[in-house]
């Protein structure tokens, strides 16, 4: 099995929206993803794709009945996705999610590393994101990639008024690029990862006044 980190395309939207709904109480609409892919010149959306149906661990099949009961594999191609915005000198991770069946196996780190790396290649000065103050697991992963809390955003999440940490990683920190490259190399070796996102230009041209969905399918 090999994994492919690549740009999100319009044909990916149904699976991406499904993973989003399984992951967040406040999910994005399919139309939002279509806009990010085909109409925003500041957006760099990414997906992690498998070339082989992934096995669903038995304990997940049992725990998540009836969603996966009796299934050895899941039919979708996509394991997870992420969103990156580049605005002036800031790269901002807008969203990141892995299908619930495959969490805790390192796939979220692949997406994170890819977006941090893409921000670097786009010439940003720093990378920013928001995370729930209660989400310790995510915070630990972000700290691995040198994100630190800059401030607290009170009542940031509308579904329950939970605070968010504004976390930032600064690309010009001494040795940052070298450490990031080493982490990415380890991920590529561990997962037989093909990365056509981090160093690559978007495979589409944004034309807000004349965009044709068929151009991106």
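Please work out if residue 185 is surrounded by 14 or more Cβ atoms within 10 Å (Cβ to Cβ), at pLDDT 95 or above and closer than 18 Å to residue 141 by Cα. Quick ask: steps written out before the conclusion?
Values: surrounded by 14 or more Cβ atoms within 10 Å (Cβ to Cβ): no; at pLDDT 95 or above: yes; closer than 18 Å to residue 141 by Cα: yes.
Taking the combined requirement at face value, the residue does not satisfy it.
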| query | Mind checking whether some residue in segment 185-193 is in contact with a helix residue (DSSP H, G or I) (Cβ under 8 Å, 6 or more places away or on another chain) and either farther than 29 Å from residue 49 by Cβ or part of a helix (DSSP H, G or I) (or both)? | reply | yes
| query | In segment 49-70, is there at least one residue being crowded, with 16+ Cβ neighbours inside 10 Å and at pLDDT 95 or above? | reply | yes
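What about residue 155, is it surrounded by 15 or more Cβ atoms within 10 Å (Cβ to Cβ), in contact with a strand residue (DSSP E or B) (Cβ under 9 Å, 6 or more places away or on another chain) and part of a strand (DSSP E or B)?
On the way: surrounded by 15 or more Cβ atoms within 10 Å (Cβ to Cβ): no; in contact with a strand residue (DSSP E or B) (Cβ under 9 Å, 6 or more places away or on another chain): yes; part of a strand (DSSP E or B): yes.
Answer is no for this residue.
What number of residues in segment 121-136 are part of a helix (DSSP H, G or I) and in contact (Cβ under 8 Å) with a residue 24 or more places away in the chain?
Residues that pass the stated criteria total 1.
Taking the condition surrounded by 15 or more Cβ atoms within 10 Å (Cβ to Cβ), within 15 Å of residue 203 (Cα to Cα), under 14 Å from the mean Cα position of the chain (by Cα) and modelled with pLDDT of 95 or more, does residue 7 pass?
Values: surrounded by 15 or more Cβ atoms within 10 Å (Cβ to Cβ): yes; within 15 Å of residue 203 (Cα to Cα): yes; under 14 Å from the mean Cα position of the chain (by Cα): yes; modelled with pLDDT of 95 or more: yes.
In short, yes.
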| note | Expected output for segment 95-120 (first residue in contact (Cβ under 8 Å) with a residue 40 or more places away in the chain and on the phi > 0 side of the Ramachandran plot, partner in a helix (DSSP H, G or I) and crowded, with 21+ Cβ neighbours inside 10 Å, Cβ below 6 Å, 6+ apart or cross-chain) is none
| request: Pull up segment 78-115, narrow it to residues that are in contact with a helix residue (DSSP H, G or I) (Cβ under 8 Å, 6 or more places away or on another chain) and in a loop (DSSP other than H, G, I, E, B), then point me to the one that is surrounded by the fewest Cβ atoms within 10 Å (Cβ to Cβ). | output: 106
| Index of the failed condition, residue 204 passing every other in (1) part of a helix (DSSP H, G or I); (2) in contact with a helix residue (DSSP H, G or I) (Cβ under 6 Å, 6 or more places away or on another chain) | (1)
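The values are calculated or read from the model by the stated rules, or taken from the named source; none is laboratory data. None of the values given here were measured: they were computed from a predicted structure. No Cβ is skipped: glycine too gets one built from the backbone with ideal geometry, and neighbour counts run over all protein chains shown.
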